[in-house]
Structures are given as structure tokens and as C-alpha cells.
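Here the structure is laid out as C-alpha cells; the discussion comes afterwards.
The values are calculated or read from the model by the stated rules, or taken from the named source; none is laboratory data. From a predicted model like this one, the values you see are computed outputs, not experimental measurements. All Cβ positions, glycine included, derive from the backbone under ideal geometry; neighbour counts span all protein chains shown.
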Amino acid sequence: MVQTVRPVDRLVGGMPINDGARVPLSRIIGQPALSELDPFLLVDEFRSDVAGDYIAGFPEHLHRRFETVIYMLTGRMRHGDNQVNTGLLRPGSVQWMTAGRGILHSEMPEQEAGLMWGFQLWINLPASDKMIEPRYQDVEPEAIRTIERADGSRIKIIAGQVDGIDGAVRSAATDLTYLDVELPAGSHFRHDPPADHTAFIYVFDGCAHVGEGAAATQVNRGDLAVL
């Protein structure tokens, strides 16, 4: 089997928006420049150390027919929903919620100062699964396996598989890989998803060169590279 390196098809920068109780976000997928990237409906980054930006949080609201994934880098938020689920999002934790036929939930800060930083991803469900029973997974940081390589690179496996190691979460209906990859200068990371899978890379700190040799594309902080 011949393996090929997927080139960067295009770069997309985030669009500033407000959501919830007017919390400022950067919307990367789900905006005019990239309305969707099947099966991904939305990717938001929230990042602020100004308490007034996030303190009102995301009061109760409805989701239906897709999955939502929140990954916290820094900060604390409390989840609650009408299925009697509760959970504390803290640095390194993940919340994976399959809305299915419908779920009312809220995400409210449990801090009054400091940096709040993380991501929310929406994943479409196949037509056959859009009305399944809601499901909630609260994943503590300690449950997320991290691979540390000799070159200093670190790969957190939220979902999917790397080097035969399974991620902490399995989607209800989508064969999804979700990795947090930290690379020291000069190091490399390669991952081989199935050829028919949609793939993108979002750089949230520093910059990366995606591809091989002279054909590699520089991807800077705040850019999403569609492969």
C-alpha cells in the first residue's frame, strides 16, 4: 500500500462572535469562510483572562441531533442538564455529550478570575442516530492517556488511537480521532487516518509546518488547516 501525505487544501482563521450570555469566542468552523466540514458542524475556541467576558457563562439551552465536545485547557466550568447529569470541567478534562433527541444543559464558570481557555466541537450524527437517547460522558484529565516520545513530543489521545493506545472517549456514532499534540521545535508527528476521513489541524499555540519538505504549509496560531 502506497501512503501519501495529505497537503493543506486551505487555511481558515477564526471569526469573532458572542454566544451564551455574550461570551466572546473565535468561531473557526460554522462561519461564512467554513460553514461546515462534514461531519464537523462547529469548532469554537474560548480564551479570555477578563472575568467580565465569561462570568455569565452559557445558561440553559437546547441541543438536538448532534454531539458536543468540550475540551478545557485552563479554567473551571460546571455542567448541568435535564438528564440529572452534573460535571466539573477543569484543566485537561473533556465533556462529551450526545444530544440525540434533545438535551437541555448549561455550562457556568466556577471561577471569578483568571484564564478561561478551551474548545467546543459539534459533530453531526448520522440520520439513523439523530433521535437516540441522550448520553453524557465526563472524562477526567487522569483518564486521558498521554504518549511521551524521545524527541519531547507529547500526544494526548482524547479519542481514536495512536501507537495502539486507545483514547479515553468513543463517539456514539462517529469513528472520530481527537488529539492534542505538543511538539518541541524541530520534532515531527505523523498520523495516518483512513483515506476517506475528513481531517484538519488547528494550531492554538506557536506554529507548525504541515506536509513534507518544500511543499509544507506554515500554519500559525489561530489558523485551521483543512487537509
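Considering every residue within segment 125-135, establish whether at least one is among the small types (Gly, Ala, Ser) and either within 19 Å of residue 77 (Cα to Cα) or touching a Ser or Thr at 6+ places or on another chain (Cβ under 6 Å) (or both). Checking segment 125-135: not a single residue is among the small types (Gly, Ala, Ser) and either within 19 Å of residue 77 (Cα to Cα) or touching a Ser or Thr at 6+ places or on another chain (Cβ under 6 Å) (or both).
Residues of segment 199-218 that are touching a residue at least 24 places away in the same chain (Cβ under 8 Å), surrounded by 13 or more Cβ atoms within 10 Å (Cβ to Cβ) and over 19 Å from residue 118 (Cα atoms): 199, 208, 210, 211, 217. Return the only residue of 88, 121 being in a strand (DSSP E or B), more than 19 Å from residue 24 (Cα to Cα) and either out of contact with any Pro (no Cβ under 8 Å at 6 or more places or on another chain) or at pLDDT below 95 (or both). Of the residues listed, the single one that is in a strand (DSSP E or B), more than 19 Å from residue 24 (Cα to Cα) and either out of contact with any Pro (no Cβ under 8 Å at 6 or more places or on another chain) or at pLDDT below 95 (or both) is 88.
Among the numbered conditions (1) in a strand (DSSP E or B); (2) crowded, with 16+ Cβ neighbours inside 10 Å, the only one that residue 100 does not meet is (1).
Restricting attention to segment 200-215, the residues that are part of a loop (DSSP other than H, G, I, E, B) and modelled with pLDDT under 95 total 2.
Touching a residue at least 60 places away in the same chain (Cβ under 8 Å) and surrounded by 13 or more Cβ atoms within 10 Å (Cβ to Cβ): is that true of residue 162 in this structure? So that I can check it myself, show each step before the final result.
Values: touching a residue at least 60 places away in the same chain (Cβ under 8 Å): no; surrounded by 13 or more Cβ atoms within 10 Å (Cβ to Cβ): yes.
For residue 162, the condition - touching a residue at least 60 places away in the same chain (Cβ under 8 Å) and surrounded by 13 or more Cβ atoms within 10 Å (Cβ to Cβ) - is not met.
Of all residues in segment 140-168, those being out of contact with any Gly (no Cβ under 9 Å at 6 or more places or on another chain), not polar (S, T, N, Q) and not in a loop (DSSP other than H, G, I, E, B) number 7. I need the full set of residues from segment 169-198 which are among the aliphatic types (A, V, I, L, M), in a loop (DSSP other than H, G, I, E, B) and buried (at least 16 other Cβ atoms within 10 Å of the Cβ), in order please. Passing the criteria: 172, 173, 176, 183.
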